[in-house]
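*Asks:* The structure under discussion is supplied below as structure tokens; questions concerning it will follow.
The values are calculated or read from the model by the stated rules, or taken from the named source; none is laboratory data. Owing to the predicted nature of the structure, the values given are computational and were not obtained by experimental measurement. All Cβ positions, even for glycine, are placed from backbone atoms using ideal geometry, and neighbour counts span all protein chains on display.
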Amino acid sequence: MFKVNEYFEGKVTSLAFETQEGKATIGVIAAGEYEFGTSTVEYMTVTSGTMEVMQANETAWKTYKEFETFMVPANSKFKMKVVEDTAYRCLYRLRKA
């Protein structure tokens with residue numbers, strides 16, 4: 001079954017599912033600024049809109065556009081800014097071949 005996740009009073013909503021590559025979510029983020037934490041490696045791909053991301057131990061924001069992917073290390077936090085509602089796919093764990 002699918003699982004619906006909501007964060008930041010519903011401003012971030014995702015649908016969790018399993019892929020051949022591992023656990024994943026498809027979600028939407030309302031315009032705003034956020035800080036996320038993760039316990040696993042995440043590969044996040046923007047599917048609509050633009051994200052500005054600042055990862056832990058970095059001092060500069062990096063912009064990701066549609067179909068661009070960035071990796072977040074396990075056990076870290078990252079900041080995100082979106083200026084318009086934005087959609088993404090997040091892959092949480094890769095299965096080994």
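*Asks:* Regarding segment 10-26, can at least one residue be identified that is of a type in the set (D, E, K, R) and touching a Leu at 6+ places or on another chain (Cβ under 9 Å)?
*Replies:* Kept after step one, since they are of a type in the set (D, E, K, R), are these residues of segment 10-26: 11, 18, 21, 23.
The next check asks that each one be touching a Leu at 6+ places or on another chain (Cβ under 9 Å); those that pass are 21, 23.
Yes, the conditions are met somewhere in segment 10-26.
*Asks:* Tally up the residues in segment 55-82 that are touching a residue at least 24 places away in the same chain (Cβ under 8 Å), touching a Ser or Thr at 6+ places or on another chain (Cβ under 7 Å) and exposed (fewer than 15 other Cβ atoms within 10 Å of the Cβ), please.
*Replies:* 3
*Asks:* Among the strands (runs of 3 or more DSSP E) lying completely within the chain, list those that include at least 1 residues that are charged (D, E, K, R).
*Replies:* Details: elements: 3-7, 12-19, 22-29, 32-38, 42-48, 51-55, 62-64, 69-72, 76-82, 86-91.
Fully inside the chain and qualifying: 3-7, 12-19, 22-29, 32-38, 42-48, 51-55, 62-64, 76-82, 86-91.
*Asks:* Can you tell me which of (1) surrounded by fewer than 13 Cβ atoms within 10 Å (Cβ to Cβ); (2) in contact with a Phe, Trp or Tyr (Cβ under 7 Å, 6 or more places away or on another chain); (3) at pLDDT below 95 is the one Glu21 doesn't meet?
*Replies:* Of (1) surrounded by fewer than 13 Cβ atoms within 10 Å (Cβ to Cβ); (2) in contact with a Phe, Trp or Tyr (Cβ under 7 Å, 6 or more places away or on another chain); (3) at pLDDT below 95, only one is false for Glu21: (2).
*Asks:* Consider segment 44-93. How many of its residues are modelled with pLDDT under 95 and of a type in the set (Phe, Trp, Tyr)?
*Replies:* Adding up the residues that qualify gives 1.
*Asks:* Which is of a type outside the set (Gly, Ala, Ser) and exposed (fewer than 14 other Cβ atoms within 10 Å of the Cβ), of Glu52, Glu6?
*Replies:* Sole residue among the options that is of a type outside the set (Gly, Ala, Ser) and exposed (fewer than 14 other Cβ atoms within 10 Å of the Cβ): Glu6.
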